[in-house]
Amino acid sequence: MNEQIRITPIRLIGAEGEQLGVIPTFEALGKAREAGLDLVEVAPDERPPVCKILDYGKMRFATSQKGNKTGKVRQQKLKEIRLRPKTGDHDVDTKACQARRFLEHNDKVQITVTFRGREMQHLEEGRRVLDALLEKLAKVGKVERPPRLDGKKMTAMLMPIKTVSKPRPKLGADTPTL
């Protein structure tokens, strides 16, 4: 920028974006100072190099703000819901509500039914609890990994269903309010 631009002539773009043509560097610097702005090289690899008259501080601030906005994408996480074969129906409903909230926040949900001792002889009871929970979550999630037994745990994995959210209408002068 400014005096650091050594090559001459340069292609100059004005403060409003208009083409000012190919002119010597010292003349371009004079025009930039006259406007109270900086001369910034925007395409150094071109021949002749392209320079623009602009406020360098504002440009740096705008580019740093662009970088901040792109980093706001939420990372998908894996959440776990733990159950037992003897878990009651109301408790299963509570767990289903929590799992639904996770899926709506675009997180994957792993449902685990843990068996202890004699419960291993009654795997069908744990499978019934797991199937009931999967049935309640069928509208908001799809089964990524079906239920399978791994040692003393039976697990299934759900992933959120991609739904396009409807944009909410903005209240304006033409929109009636309640």
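Residue 83's amide H: which non-local residues (gap 5+, or another chain) put their own amide H closer than 5 Å, with H modeled 1.01 Å from N in plane and none for Pro or chain starts?
112, 113, 114
How long is the gain from residue 46 to residue 18 if the chain were fully straight, where each residue apart is worth 0.36 nm and the alpha carbon distance is subtracted?
Working: separation 28, 0.36 × 28 = 10.08 nm, distance 1.80 nm.
Result for the pair: 8.3 nm of gain on full extension.
Of the accessible area of the chain, with the probe set at 1.4 angstrom, what percent is carbon plus sulfur?
On the way: 6700 of 12840 Å².
Carbon and sulfur together cover 52 percent of it.
Taking θ = phi - 60°, what integer Hz values does the Karplus form 6.51 cos²θ - 1.76 cosθ + 1.60 yield along segment 31-46, in sequence order, with x for Gly and Pro?
Per residue, the Karplus-derived 3J(HN,Hα) values read 5, 5, 5, 4, 7, x, 10, 10, 9, 10, 7, 9, 9, x, 7, 6 Hz.
Picking from 123, 149, 29, which is most flexible by a Gaussian network model of the chain using Cα springs under 10 Å?
29
Which of 95/152; 66/142; 66/139; 66/108; 79/153; 77/142 have a Cα-Cα distance over 27 Å?
Working: 95/152 20 Å; 66/142 35 Å; 66/139 36 Å; 66/108 29 Å; 79/153 16 Å; 77/142 16 Å.
From the list (95/152; 66/142; 66/139; 66/108; 79/153; 77/142), the Cα-Cα distance tops 27 Å for 66/142; 66/139; 66/108.
Magnitude of the Cβ-charge dipole of segment 13-109, K/R +1 and D/E -1, about the Cα centre, nearest 20 debye? Provide the component values of the computation, followed by the final result.
Working: 19 positive and 15 negative charges, 202 e Å.
That gives a dipole near 980 debye.
Can you list the trypsin sites (Lys or Arg not before Pro) in segment 109-165 that are in a DSSP coil and have 14 or fewer other beta carbons within 10 angstrom? Let's see the in-between values first.
Numbers: sites: 116, 118, 127, 128, 136, 139, 142, 148, 152, 153, 162; in loops: 116, 139, 152, 162.
When the trypsin sites (Lys or Arg not before Pro) of segment 109-165 are filtered for loop state and at most 14 Cβ neighbours within 10 Å, 116, 139, 152, 162 remain.
Using Cα pairs under 8 angstrom and six or more residues apart, how large is the relative contact order of the chain, in percent?
Working: 243 pairs, mean separation 26.3, N = 178.
Here the relative contact order equals 15 percent.
What do you get for trypsin sites (Lys or Arg not before Pro) in segment 1-63 restricted to DSSP loop and a cutoff of at most 15 other Cβ within 10 Å of the site's Cβ?
On the way: sites: 6, 11, 31, 33, 52, 58, 60; in loops: 6.
Hits after loop and neighbour filter: 6.
Of 28, 12, 109, which is farthest towards the positive pole of the chain's charge dipole, taken about the Cα centre with +1 and -1 on the beta-carbons of Lys, Arg and Asp, Glu respectively?
Looking along the dipole axis, the top candidate is 109.
Could you give each residue of segment 8-20 its phi-based ³J(HN,Hα) in whole Hz, using Karplus coefficients 6.51, -1.76, 1.60 with θ = phi - 60°, and x for Gly or Pro?
Coupling constants for segment 8-20: 9, x, 10, 8, 10, 10, x, 5, 8, x, 7, 6, 9 Hz.
Taking 7 Å along the Cα-to-C-beta vector as the label spot, tell me the residue 125-residue 161 distance in nanometres, rounded to one decimal.
Rounded to a tenth, the inter-label distance reads 3.2 nm.
The values are calculated or read from the model by the stated rules, or taken from the named source; none is laboratory data. Quantities reported herein were computed from a predicted structural model and do not represent experimental measurements. Methodologically, a virtual Cβ is constructed for each residue, glycine included, from the backbone with ideal geometry; neighbour enumeration extends over all protein chains shown. SASA here: full protein model, heavy atoms, side chains in, ligands and nucleic acids out. Shrake-Rupley method; radii C 1.70, N 1.55, O 1.52, S 1.80 Å.
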